[in-house]
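The block underneath contains the structure these notes are about, expressed in structure tokens.
The values are calculated or read from the model by the stated rules, or taken from the named source; none is laboratory data. From a predicted model like this one, the values you see are computed outputs, not experimental measurements. Here the Cβ is made from the backbone with ideal geometry for all residues, glycine too, and neighbour counts use every protein chain on show.
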Amino acid sequence: MAVETATTPKFDRSAARKVARETRRNEAQAQKRLTSPVATVIAILIAFLWTIPTLGLLITSFRPGADSATTGWWTVFTGPDFTLDNYQEALTSGGTALTLGQSFLNSLAITIPVTVFVISIAALGAYAFAWMDFKGRGFLFVAIFALQIVPIQMALVPLLSLFSRGLEIAGVGIFPGLELREIDHSFATMWIAHVMFGLPLSIFLLHNFMAEIPSDVIEAARVDGAGHGQIFFRIILPLSMPILASFAIFEFVWVWNDLLVATIFAPTSSLPMTQTLNSLSGSWGDRWYLVSAGAFLVLVVPMIVFLALQRFFVRGLMAGATKG
């Protein structure tokens, strides 16, 4: 008689489908409660008022510099005159050593890895705090939560000093023959700084979501012999995809639009678009029309990211609106 051997644990698919149905039902209930004629009218009014300055900035970005300096953007409706010179000049010029086009690649090289690092580390940490029992779990979670109230400005000088000593040690000990200035021209300091500042909030939010996943699903997987790795990758991650995508949007936008951390930690060759955009107006601010064009070049990538992940963003918000 053949003896059955241990195989990959079989998870309770019916319980997972039940959780999915409950989540969709909660989304529908929350959407129904949050939708009303009054709320719709208010939302449209706010959107209209919010859009007017953006529309003016967009029109200014296409107007000749001389026209922008002498007349308001609304005069374009009576005497339209558009040009692409502002965008061309904004991409090929800059007050720093880099052009806006070069800084665009730097922004991508900073923002994408930081978003991946933060989401990956935060998801693992949130799962550990939500479903793993270890000594000091409560104290560590409170400590991480408390880090959110520490102003970023308080950490800039100590972190900069730490980076300086760490890079010097790396240049002398870990990487012999590698000069300090060569390490300075990397994105490592930007990655570390943004990940450190982004982890407390991300772990806190993801923990709150993962902790609300029904324990029946986790217990069923454990009974079938699944370990923490299988539970995390095969159950927690698929169920947490909406909240992960939602926070990925926020993290991407925060890092992409950052100016303070870039000003402190970015070396000259790694300046992002925000730092270069800050210098486009010139010493006397006489080229501010270039800033309007550069602002929309900075805006286009977060807009694409948001539109691409919009359905996950809405599902993530609805999933946290009500509970079962």
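Looking at the stretch 117-147, which of its residues are surrounded by fewer than 14 Cβ atoms within 10 Å (Cβ to Cβ) and either of a type in the set (G, A, S) or within 13 Å of the chain's Cα centre (by Cα) (or both)?
Correct list: S120, G136, G138, A143, A146.
Among (1) touching a helix residue (DSSP H, G or I) at 6+ places or on another chain (Cβ under 6 Å); (2) among the hydrophobic types (A, V, I, L, M, F, W, C); (3) more than 29 Å from I149 (Cα to Cα), there is one condition I243 misses while meeting the rest; what is its number?
All conditions pass for I243, except number (3).
Here is a yes/no grid of residues against (1) at pLDDT 85 or above; (2) assigned by TED's automatic domain parsing to the domain that holds A221; (3) surrounded by 11 or more Cβ atoms within 10 Å (Cβ to Cβ):
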{"site": "A15", "(1), (2), (3)": "no, no, yes"}
{"site": "I46", "(1), (2), (3)": "yes, no, no"}
{"site": "L49", "(1), (2), (3)": "yes, no, no"}
{"site": "L57", "(1), (2), (3)": "no, no, yes"}
{"site": "A66", "(1), (2), (3)": "no, no, no"}
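Among (1) under 24 Å from the mean Cα position of the chain (by Cα); (2) surrounded by fewer than 15 Cβ atoms within 10 Å (Cβ to Cβ), which single condition is E219 missing?
Answer for E219: the failing condition is (1).
List pairs: first in the stretch 245-272 and over 14 Å from T189 (Cα atoms) and without any contact (Cβ under 8 Å) to a residue 60 or more places away in the chain, second assigned to a helix (DSSP H, G or I) and hydroxyl-bearing (S, T, Y), Cβ under 6 Å, 6+ apart or cross-chain?
Going by the 6 Å Cβ cut-off, the qualifying pairs are L259/T274.
This table checks each residue for (1) exposed (fewer than 14 other Cβ atoms within 10 Å of the Cβ); (2) more than 18 Å from the chain's Cα centre (by Cα); (3) at pLDDT below 85.
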| residue | (1), (2), (3) |
| --- | --- |
| V253 | no, no, no |
| A266 | no, yes, yes |
| W284 | yes, yes, yes |
| Y289 | no, yes, yes |
